[in-house]
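Nothing in this text is a laboratory measurement; each read-out follows from the coordinates by a stated rule. Fair warning: this is a prediction, and the values are worked out from it, not measured in the lab. Backbone-built Cβ (ideal geometry, glycine too); neighbour counts: all protein chains shown.
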Amino acid sequence: MNANTSHLMRAYARQPVSFARGRGARLWDNQGQEYLDAIAGVAVTSLGHAHPEIASVIAEQAGMLLHTSNVFRIDWQERLGERLCRLTGMQKSFFCNSGAEANETALKLARLHGHRHQVAEPKILVMENGFHGRTIATLSASGNRSKQQGFEPLLPGFLRVPYNDIGAVREAAEQSPDIVAVLVEPVQGEGGIHVASIDYLRELRRLCDEQGWLLMLDEIQAGMGRTGAWFGHQHAGITPDVMTLAKALGNGFPIGACLARGAAADLFAPGQHGSTFGGNPLACRVACTVLDIMARDKLPERAAVSGARLLTGLQKALADHPHVTAIRGQGLMAGIELNRQCKELVGRALTEQRLLITVTRDTVIRLLPPLICDEMQIDDIVLRVARLLSSGAMTGVSGAAVAEREPKT
Ligand SMILES: *Cc1c(COP(=O)(O)O)cnc(C)c1O
């Protein structure tokens, strides 16, 4: 096979490496070189690669039934809906195939909610730095000008305030009677790993109740155990009206979900929303299996422990680094902020450290290891990141001098 990228749209800046197989937190490229995965396909493969139970459930269901239609009842969809509602305290579910679609569902619910209360032009409060997807509606909801550029006109109906600033939300409430909902991430992932404070989330809940707004939480990246709780908002002990899931829900098999309770749960009437593939037997059975494994293996609890180990490890290893300005995170969502652009570190981490990382917002190294990582793998991630950041280009020391200093493995 002699593949190349010449027939692919240039939507991505791709690294020149392609992986042939994986196992747990490890990956092997086409040349058989081994790598350590500290991003899990961007918070997707939380159970690790090639999980044997996921693999066998996919094979078994593929041999029975892949797809029928939402014209009919789908047992696995009904089971998954019940499981997720029990886990989250929500009442109703809608299934789709991605995070953006899950958020589209939430945005449509918010507008229905507004119209039901005679708000002709309902507005949804969103956050600076927020990320909700790449469709026109979710891009309009996102707070990243550079990603919106070129796609104007954006969708109207959004009001933007700074993240983690309850005063700004109160001010918006006073000035705009048309607000009907708030859409917010409990931890901003693409935005550079910013954790919402517990007080902020509780105050948001209180304000939404007071104003009759829907509190809609985008748990697509922070949910499914990643932050050390099943869902990010649980650290604050609140329950949203609407929440969206995707990413790790299928461990790499595409699936998204929008869950709702109370007034938000019964807004859709038949024909008002839909998805051809959404909620098919294969995707829903895989997601049920993901939930089984996460509960049985206590992965949210493990993420809390490993996440603390990762953060303290990074803080210790990078304490005196001249370019590191902040290390923050929750559970296995960690960000290392530098005082300089560092996009080139993604490629250097691959070639020099055989480590998969991402850089977001130009200056933040983001780590999202699979939740199944053991202590040794967590320590290994810390070691490789520390070595990456201690090499010549990062500290001003020549590369050769650094190579001699580094311990041999
Ligand atoms: C990844 C992500 C999305 C978009 O999900 P897609 O499956 O890529 O459409 C939305 N919100 C958050 C918080 C995300 O991290």
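Taking residue 316 as the anchor, which lysines have their alpha carbon closer than 28 Å to its alpha carbon, excluding any fewer than eight residues away along the same chain?
Qualifying lysines at Cα under 28 Å: 298, 343, 408.
Would you kindly state how much longer the chain becomes between residue 154 and residue 15 on full extension, computed as 0.36 nm times their sequence separation minus their alpha carbon distance, in nm to one decimal?
47.0 nm
Which ³J(HN,Hα) values, rounded to whole Hz and listed in residue order, are derived for the range 133-142 from phi using the Karplus coefficients 6.51, -1.76 and 1.60 in 6.51 cos²θ - 1.76 cosθ + 1.60 with θ = phi - 60°, glycine and proline given as x?
Coupling constants for the range 133-142: x, 10, 6, 4, 5, 6, 5, 5, 6, 6 Hz.
Tell me, what is the FRET efficiency for residue 178 and residue 206 to the nearest 0.05, using R0 = 25 angstrom and their Cβ-Cβ distance as r?
It comes out at approximately 0.75.
Would you kindly calculate the mean projected area, averaged across all directions, of the convex hull enclosing the Cα atoms of the range 1-124, in square nanometres?
Here the figure is 13.0 nm², rounded to one decimal.
Relative contact order (percent) for the chain, with alpha-carbon contacts under 8 angstrom and 6 or more residues of separation?
21
What are the equivalent ellipsoid semi-axes of the range 53-112, built from the alpha-carbon gyration tensor (square roots of five times its eigenvalues), in whole angstrom, biggest first?
25, 14, 12
Taking amide H atoms as placed 1.01 Å from N in the peptide plane, list the residues 5 or more away in sequence, or in a different chain, whose amide H sits under 5 Å from that of residue 355.
Hits under the 5 Å cutoff: 36, 350.
Between the range 193-227 and the range 336-387, what is the C-alpha centre distance in whole Å?
Cα centroid to Cα centroid, the span is 27 Å.
When you take every Cα atom in the range 206-340, what is the radius of gyration, and what is Dmax, the widest Cα pair distance, in Å?
18.3, 59
Among bridges DSSP assigns within the chain, what percent are antiparallel (round to 5)?
Around 65 percent antiparallel, to the nearest 5.
What ranking do 284-290, 77-83, 169-175 get when scored by the average of other Cβ atoms within 10 Å per residue, highest first?
By packing density, highest mean first, the sequence is 284-290, 77-83, 169-175.
Could you sort 30-41, 210-221, 346-357 so that the peptide with the highest average Cβ count within 10 Å comes first and the rest follow in order?
By packing density, highest mean first, the sequence is 210-221, 346-357, 30-41.
Can you give me the C-alpha center-to-center distance between the range 71-114 and the range 130-183, rounded to a whole angstrom?
The two parts, judged by their Cα centres, are 22 Å apart.
Check residue 160: other-chain or 5+ apart residues with amide H under 5 Å from its amide H, H built from backbone geometry?
For residue 160, the qualifying residues are 126.
Let me have the 222 nm mean residue ellipticity of the chain computed from DSSP H runs of 4+ only, each contributing -39500 (n - 2.57), with the sum over all residues rounded to the nearest 500.
-11000 deg cm²/dmol
Please give the per residue volume of the convex hull enclosing the alpha carbon atoms of the chain, rounded to a whole number of Å³.
It comes to 159 Å³ per residue, whole-number rounded.
Could you derive backbone 3J(HN,Hα) for the range 217-223 from the dihedral phi with the Karplus parameters 6.51, -1.76 and 1.60 (θ = phi - 60°), listing whole Hz in sequence and x where the residue is Gly or Pro?
Those phi angles translate into 9, 8, 9, 4, 9, 7, x Hz.
List the residues whose amide H sits under 5 Å from the amide H of residue 280, counting only those 5 or more places along or on another chain, with H placed 1.01 Å from N in the peptide plane.
For residue 280, no residues qualify.
What is the extension gain from residue 71 to residue 91, computed as 0.36 nm multiplied by their sequence separation minus the C-alpha to C-alpha distance, in nm to one decimal?
Result for the pair: 5.1 nm of gain on full extension.
Taking a cut-off of 26 Å between Cα atoms, list the lysines near residue 123, but don't count ones fewer than 8 places away on the same chain.
92, 108, 147
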